[in-house]
Amino acid sequence: MKPINLLLLLQILLFVFPANGQNNADYFPYEKNNYWEYLWLETGYPDTIVSLSVFDSVDTEGRKIAVFDSYFINPIKPPAILPDSGTYIIDSSLNVYSNFTLTGGGCVEEYLLVYKLNGDPGDQWVLCDVGGGGFHYEMARIKEVQDTVLFGLQTKLMWIEYYLAEDSTDTTGLGRGYDGLIKGIGLYRRQSEGWTGIGLKGAVINGILYGDTTTVGVHDQSWQLQQTDFQLYQNFPNPFNPTTTIKFEIRSGGNLSLIIYDVLGNEVTRLVDRTYYPAGKFEKNWSGTDNYRNILGTGVYFYRLSIDNQSITKSMILIK
């Protein structure tokens, strides 16, 4: 029997079982309760868009189905550049179909092939043919796959560009925008043709926290002045189970409310309800229950401190 080439065996094992345990399906971690928090990159007052996987299942053909809800948080309203409720279908070849794409809206198909997770740089495909002459093919193309490090994770970044072309073989055209997918985390960056976009601040993937999902933002046109009026601190501990403490500081007295919301924007409980507080430092404990003392499940929750017409919102994670 010939001796085993240990170096060759090691190379084979590393190919079959990557060191970080990832595979290409990890470019799109669709599982329920996964959560992403994005910075809205358009100019104006600071804001945050959150996206949450609210449903996952498998259909009769063995395809994975997921639904993501997304919205602005300050105030809660439909998002930009992401669908407020997007449905995704992932087949056995790791092709991802969606009812929302970076196209001009001319496609009549309900679901379009937006990602090829097993694709290689240079792979391109037709999203749809909008008909007519001139530029009529909505296209997608994997521009690049590169090694990167994000939130301490050694991983890969796949860039997919979208464009309108005259011919289905064209490798460029009228730009629609692009998506960046991080293996192990999901959508990292989305840029539209209108120079608006989102960039990932942090995420919770399969219970693991990446980056920063704490400071959700401030909603008020005079937000810089607001920062000097009162301060809302990050809860501690975070993530927490079963109890966490929320501290805040008021520099001048006023009537305030401290309200907990779930990721859909539904009110969970009121820790403070339009009560006058003098200037000073205060704290409130929350035990992960609603107004009826029902114990809540694992997930991301928001707490908002409001004084008059000013408010600050932050997020926290309850883990059971």
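Derivation of every value follows stated rules applied to the coordinates shown; laboratory data play no part. None of the values given here were measured: they were computed from a predicted structure. Counting neighbours? That spans all protein chains shown, and the Cβs are built from the backbone with ideal geometry, glycine included.
Quick look at the numbers
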{"quantity": "Which of TYR178, ILE312, ASN266, positive extreme of dipole for the chain (C-beta unit charges)", "calculated": "ILE312"}
{"quantity": "Loop chymotrypsin sites (Phe, Trp or Tyr not before Pro), region 261-300, which have at most 16 other Cβ atoms in a 10 Å radius of their Cβ (DSSP)", "calculated": "TYR292"}
{"quantity": "Hull volume in cubic angstrom per residue (convex hull over the Cα atoms of region 215-318)", "calculated": "91 Å³"}
{"quantity": "Region 237-308 and region 31-91: distance between their alpha carbon centers, rounded to Å", "calculated": "25 Å"}
{"quantity": "Ranked by how many other beta carbons lie within 10 Å on average, peptides 302-311, 203-212 from highest", "calculated": "302-311, 203-212"}
{"quantity": "Packing-based exposure ordering (other Cβ within 10 Å, fewest first) of LYS116, LYS183", "calculated": "LYS116, LYS183"}
{"quantity": "Inverse of mean 1/r across different Cα pairs in the chain, Kirkwood, Å", "calculated": "21.8 Å"}
{"quantity": "Helix axis angle, 6-16 relative to the chain longest principal axis, alpha carbon, degrees", "calculated": "70 degrees"}
{"quantity": "Per-residue Cβ neighbour rank within 10 angstrom, fewest leading, SER70, SER92", "calculated": "SER92, SER70"}
{"quantity": "Rh by Kirkwood over Cα pairs, then Stokes-Einstein D for region 125-195 at 0.692 mPa s and 37 °C, µm²/s", "calculated": "250 µm²/s"}
{"quantity": "Positive-end residue of ASN235, GLY132, TYR115, charge dipole of the chain with Cβ unit charges", "calculated": "ASN235"}
{"quantity": "Cα-Cα over 20 Å, subset of LYS77/LYS116; LYS64/LYS156; LYS77/LYS314", "calculated": "LYS77/LYS116; LYS64/LYS156"}
{"quantity": "Reachable aspartates and glutamates from LYS32, criterion Cα separation under 14 angstrom, eight or more residues apart if same chain", "calculated": "ASP56, ASP69"}
